[in-house]
């Protein structure tokens with residue numbers, strides 16, 4: 001059965017999926033420092049990428065940072081961080097954020113991220129009111145961004161922030177802008193997007209085309225809710241994202257020791273539920289990344 005197949009979608013289905021679990025470590029995000037373990041300089045993000053890869057992450061998701069810890073969308077900043085991660089021997093796939101940098105980045109700056117030398121680049125599924133501002137992802141921009149990414153050696157990860165954005169996936173596949181296999185990342189907990197609710201997962205997964213892989217990003221300060229949704233995704237045959245961008249607390253509600261500690265916890269959780277952990281090479285094969 002293909003990853004994300006219907007046999008893994010029912011919430012009461014306890015069958016162990018046969019495909020390995022891809023763990024993504026979202027290392028830093030685009031906000032200020034959240035605690036002493038949160039990396040916000042290029043050197044710290046690179047060090048955490050290496051540590052997260054060793055702990056079991058097949059993908060590391062990064063936002064570019066400058067030496068003073070500020071965020072930047074400059075492709076040369078991304079390229080420098082990517083080169084440092086790869087030079088250190090980390091073979092995890094590197095996923096670059098092409099978000100709007102808290103509303104500071106225009107479409108041109110976001111399009112330039114495609115040239116940041118990543119293996120993967122985020123592609124937002126649609127616009128929505130992100131707290132008090134518009135996250136501006138109209139259809140024309142989405143098409144341009146998808147084509148900019150696929151014109152490189154990178155592959156897009158389609159981020160779905162609300163259920164209506166599933167139409168974007170079907171539209172891009174029908175137009176030939178995206179090619180299978182596609183990795184869809186359901187993002188829960190962002191203001192204006194889907195709530196953190198494990199009951200949504202089988203509904204979302206049921207709406208995916210064949211050969212589509214899916215993952216879950218849970219952005220919440222509730223440690224119980226965070227782990228509940230991850231467990232449900234693991235059981236249903238999805239993949240998971242963890243890391244300090246999404247969640248900064250350990251299972252007891254204290255500050256997590258760092259990205260590698262959250263990845264190690266996710267590995268233990270998956271193994272306890274009967275899922276094996278994907279290596280970077282297995283993730284490349286599942287995602288169709290060269």
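The values are calculated or read from the model by the stated rules, or taken from the named source; none is laboratory data. Everything numeric here is computed off the predicted structure, so don't read it as measured data. We place every Cβ from the backbone using ideal geometry, glycine too, and count neighbours over all the protein chains shown.
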Members of region 88-135 that are buried (at least 22 other Cβ atoms within 10 Å of the Cβ) and modelled with pLDDT under 95
none
Take the residues in region 141-177 that are out of contact with any strand residue (DSSP E or B) (no Cβ under 7 Å at 6 or more places or on another chain) and not in a helix (DSSP H, G or I), then tell me which one is surrounded by the fewest Cβ atoms within 10 Å (Cβ to Cβ).
176
Of everything in region 253-275, what is part of a loop (DSSP other than H, G, I, E, B) and surrounded by fewer than 15 Cβ atoms within 10 Å (Cβ to Cβ)? Give them in sequence order.
253, 254, 257, 274
Could you count how many residues in region 43-87 are surrounded by 21 or more Cβ atoms within 10 Å (Cβ to Cβ), free of Cβ contacts under 8 Å to residues at least 60 places away in the same chain and under 21 Å from residue 102 (Cα atoms)?
9
So which of 185, 245 ends up being in contact with a strand residue (DSSP E or B) (Cβ under 7 Å, 6 or more places away or on another chain), buried (at least 18 other Cβ atoms within 10 Å of the Cβ) and in a loop (DSSP other than H, G, I, E, B)?
245
With respect to residue 191, determine if the residue is within 23 Å of residue 240 (Cβ to Cβ) and surrounded by 18 or more Cβ atoms within 10 Å (Cβ to Cβ).
no
How do the strands (runs of 3 or more DSSP E) wholly within region 29-140 filter down when requiring 3 or more residues that are over 23 Å from residue 163 (Cα atoms): which remain?
59-62, 93-96
Being surrounded by fewer than 23 Cβ atoms within 10 Å (Cβ to Cβ) and out of contact with any helix residue (DSSP H, G or I) (no Cβ under 9 Å at 6 or more places or on another chain) is true for just one of 250, 211. Which residue is that?
211
